[in-house]
Amino acid sequence: MDLYAFFFYFFAVLTVGSAFVVVFSRNIIYSAFALMFTFFGVAALYVLLYADFVAVTQLLVYVGGILVLIIFGVMLTTKVFSVEMKTGTLNLLPATLFTAIIAGMLIFVFSATDWNVVPDQEWDTTVYGIGALLVNEFILPMQVAGVLLLVAMIGAVMMAARDWTKLKSK
Amino acid sequence: MAEHILESISLFLPEIALTVTLCVAIIADLILKERNQNVAYVVIAGLVITTIFVLRQTGLTETIFSDMVAVDPFAVFFKIVLAVSGFFIVFFSMKCRELDANKKRIGEYYMLIVAMMLGMFIMVGATNLLLMYLALELSSIASYILAGYTKRARDSAEASLKYVIYGAVSSGMLIYGVSILYGITGATDIYGVNAALQTGDFSPLALLTAGILIIAGFGYKVTVAPFHFWSPDVYEGAPITITAFLAVASKAAGFAMMIRFFKVSFIDTALLDTAGVWDIVEGFQWNIILAVMAVLTMTLGNLVAIWQNNIKRLLAYSSIAHAGYILMGLVVLTDQGIASMMLYFVMYLFMNFGAFYIAMLISNKLDTEDIEDYKGLGYRAPLVCVAMAVFLISLTGIPPTAGFIAKFYLFAAVISAGWYGLVLIAAINTVISLFYYVRIFRNMFLIEPEGDTSKIEFSLSSKILVFALLIPTIFFGVYFRDIVDLAQASVKMFGL
């Protein structure tokens, strides 16, 4: 096994393993911390794919931003340790069957398909190329993504702030 | 490149006008403060400008922003449908008392409607999977928030949460399918996908998986079974204006995107021998899957609708059933089928908005959505109830209403493509649907009012809106030549 494959499997196991902890842990703090390893593992996989820009963005946005927010949110919620979370499992048999079928199908597809692969080559840095694409061919999706984020932000504020007037009147 | 982008911008004016409207609505909301219900007028002005820009695009067949978006008769047709429904929804919202529960945020409410429309405008024109996904998310995120807008907390919050979860799962499926499709074709624009698929150099199983996942993603947006589960709860919990908007505009945009995606990427252009009839690329019989889904959708929608007592929920199931009928047009792989789908949307817009609007007026006055409370309303509010009757007759598809013409052309298209079984099932479903539409009718007219028998008065502007919906519903049932021609002329897509 060469070094590349070693690192790939290492980070792949890290990603999937900690994703399991995220889902199956009954303690929300454990889940939040396990999520950090998932995000980190994914970032490492991007690095292995020469996607340096995406990897850095992954670290900055997910690990540095979203995850910290999640952990803060959890910590600021009172009684987080004492409250028993409602994490029952419903419809165990059909869900397992369904998941198994889908997983089997996807694994089969992934191993059987002749994928359209980009020839192996060593890339320098991708940031410049991505930047040029974002203001040329992909300028429209970038602008639409901007509007999307604006709408999501306003929506989030609207949802969160909905009860202020009520609270004041009380 | 710079020239190309500048040229593209000049063909992208409707969407830009909507984006500007969105920003102006936010600012107007800040300036107007307590009088923020006036943001509605800002939005109406923005929609007028948008519509003018859309109308100026008629007859164009161009591709802009490096093959990201097509400006073609097909897109223009759907943009007009969307713009008209946008006007109606803003007018409805100005009348809707349900929205008063969250008065302070009405400015954001109108802004989000514009955001949803922007997403849908891009959806109908997008020719790139990346942009399709982004546009779908834009309109979905705006509608998640709108579904949870009212504070009549439980229902609305539940609706919003369910919507978000279902939406997240299905958009995950969509993007997963898209990534597999990209993996086998190496292209994200649908023309490139088509070119790669026509070489036949791919594994059919991977294409099938990608296709099913993508159908799941689109199917959620247009509420076809088995991806419809979210819709009854969301339609019941959301404010009625948003329910109507989701049932008509969101569905139209979803179908437009679906039609364009399937018609461009999954057909074999080498086999276009008969005009208007297309063939599928080898390896993925997607129209069989869609046919099964159409049958499931209309049957399930109609059978469950029979048991509903809440008018919003009933109309939700009825709109699921209609999605099933409409889907038939795509199954038959002919331009005639597509044209009849487009015609159906025009008719469906007026009759379904009509039914929702009357339900809203009644709920404004009587504060009820229960069909049992409609007893004797025909005597108390004759005009509104007669209008409701016309809309229901039209939804069933009985002449001389618009709904009949829509169904007639759709069924004719399916028959001429030789799918007799499908038409038979649709016809049986139409009969079933009569049952629950008539139930509302019976409650209104054939049962004497109990208790309070006073007349219910509606304001003049409410009546004008009723007529604005009622007249087209009857008019298109009698005189339909021009609109049929328009739909048939608008089938033309860029690159085909």
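Counting other beta carbons within 10 Å of each residue's own, what order do A:Ile28, B:Ile306 fall into, fewest first?
B:Ile306, A:Ile28
Kindly flag which residue pairs out of B:Lys79/B:Lys263; B:Lys79/B:Lys103; B:Lys33/B:Lys365 have an alpha-carbon separation exceeding 23 Å in this structure.
Those over the limit are B:Lys79/B:Lys103; B:Lys33/B:Lys365.
Using Cα centres only, tell me the gap between segment B:177-215 and segment B:419-441 in whole Å.
36
Given N residues in segment B:375-496, what is Rg(Cα) / (2.2 N^0.38 Å)?
Rg over 2.2 N^0.38 Å, computed on Cα atoms: 1.34.
At a 10 Å Cβ-Cβ cut-off, how would you order B:His228, B:His4, fewest neighbours first?
B:His4, B:His228
Report the calculated FRET efficiency for A:Val13 and B:Asp268 (r = Cβ-Cβ distance, R0 = 51 Å), to the nearest 0.05.
Efficiency, from the Cβ-Cβ distance: 0.70.
Once the Cβ-Cβ distance between B:Lys33 and B:Arg97 is put in as r, and R0 is 25 Å, what FRET efficiency do you end up with, to the nearest 0.05? Please report the intermediate quantities before stating the final value.
Details: r = 22 Å, r/R0 = 0.87.
It comes out at approximately 0.70.
With 10 angstrom as the radius, rank B:Tyr166, B:Tyr220 by how many other C-beta atoms surround their C-beta, starting from the fewest.
On the way: B:Tyr166 19, B:Tyr220 24.
By the 10 Å Cβ count, ascending: B:Tyr166, B:Tyr220.
What is the mean number of Cβ atoms from other protein chains located within 10 Å of the Cβ atom of each residue in peptide A:152-161, rounded to a whole number?
5
Separation between the B:Ala427 and B:Ala195 pseudo-spin-labels, each 7 Å from Cα along Cα→Cβ, expressed in nm?
Using points 7 Å along Cα→Cβ, the separation is 4.6 nm.
So what is the relative contact order for chain B, in percent, with contacts set as C-alpha pairs under 8 Å and at least six apart?
15
Kindly list the residues of segment B:50-70 that lie in the label zone of B:Asp485, defined by a backbone N under 20 Å from the point 7 Å along the Cα-to-C-beta vector.
Once the point is set 7 Å along Cα→Cβ of B:Asp485, B:55-60 turn out to lie under 20 Å by backbone N, inside segment B:50-70.
Determine the calculated [θ] at 222 nm for chain B from helices alone, applying -39500 (n - 2.57) to every DSSP H run no shorter than 4 residues and normalising by the residue count; nearest 500 deg cm²/dmol.
-24500 deg cm²/dmol
Specify, per residue and in Å³, the volume enclosed by the convex hull of the alpha carbon atoms belonging to segment B:1-137.
103
What ranking, highest mean first, results for peptides B:403-416, B:169-182 when packing means the other Cβ atoms within 10 Å averaged over each residue?
Packing order, densest peptide first, comes out as B:403-416, B:169-182.
Return P(r) of chain B (all Cα-Cα pairs; 20 Å bins starting at 0; whole %; ordered from short to long distances).
It works out to 24, 59, 16, 1, in whole percents.
Would you please put B:42-51, B:236-245, A:152-161 in order of how densely packed they are, using the mean number of other Cβ atoms within 10 angstrom per residue and starting with the highest?
On the way: B:42-51: 20.0, B:236-245: 27.2, A:152-161: 14.8.
Per-residue mean Cβ counts within 10 Å order the peptides as B:236-245, B:42-51, A:152-161.
As an exercise, take the mean of 1/r over every pair of distinct alpha carbons in segment B:204-353, invert it, and state the Kirkwood radius in angstroms.
It works out to 15.8 Å.
How long are the semi-axes of the equivalent ellipsoid of segment B:121-263, taking √(5λ) for every eigenvalue λ of the Cα gyration tensor, in whole Å from largest down?
Numbers: eigenvalues 193, 39, 25 Å².
Its equivalent ellipsoid spans semi-axes of 31, 14, 11 Å.
Need the full-extension length gain, B:Glu457 to B:Ser179, defined as separation in residues times 0.36 nm minus the C-alpha distance. One decimal, nm.
Working it through step by step, the gained length comes to 94.5 nm.
When you look at the Cβ of every residue in A:133-142, what mean number of other chain Cβ atoms sits within 10 Å?
So the per-residue partner count for this stretch is 6.
What is the pair-distance distribution P(r) of the protein assembly as shown, computed from all Cα-Cα distances in 10 Å bins starting at 0, with each bin given as a whole percent?
3, 14, 25, 27, 19, 10, 2, 0, 0
Mind ranking B:285-297, B:314-326 by how tightly packed they are, going by the mean number of other C-beta atoms within 10 angstrom, highest first?
Details: B:285-297: 19.2, B:314-326: 26.6.
Packing order, densest peptide first, comes out as B:314-326, B:285-297.
Estimate the FRET efficiency between A:Ile102 and A:Leu49 by the formula 1/(1 + (r/R0)^6), using the beta-carbon distance for r and 30 Å for R0, to the nearest 0.05.
Details: r = 25 Å, r/R0 = 0.83.
Step by step, r from the Cβ atoms, then E = 0.75.
So, with +1 on the Cβ of K and R and -1 on the Cβ of D and E, and no other charges, what is the size of the charge dipole of chain B about its Cα centre, to the nearest 20 debye?
Working: 29 positive and 34 negative charges, 258 e Å.
Value, rounded to 20: 1240 debye.
Pairwise over distinct Cα atoms, reciprocal of the mean inverse distance: report the Kirkwood radius of segment B:285-496 in Å, one decimal place.
Kirkwood radius, segment B:285-496: 17.8 Å.
Since every read-out is calculated from the coordinates, none of them should be taken as a lab result. Nothing here was measured: the structure is a model prediction, and the numbers come from that model. Reconstructed Cβ throughout: ideal geometry from the backbone, glycine too, with neighbour counts over all protein chains shown.
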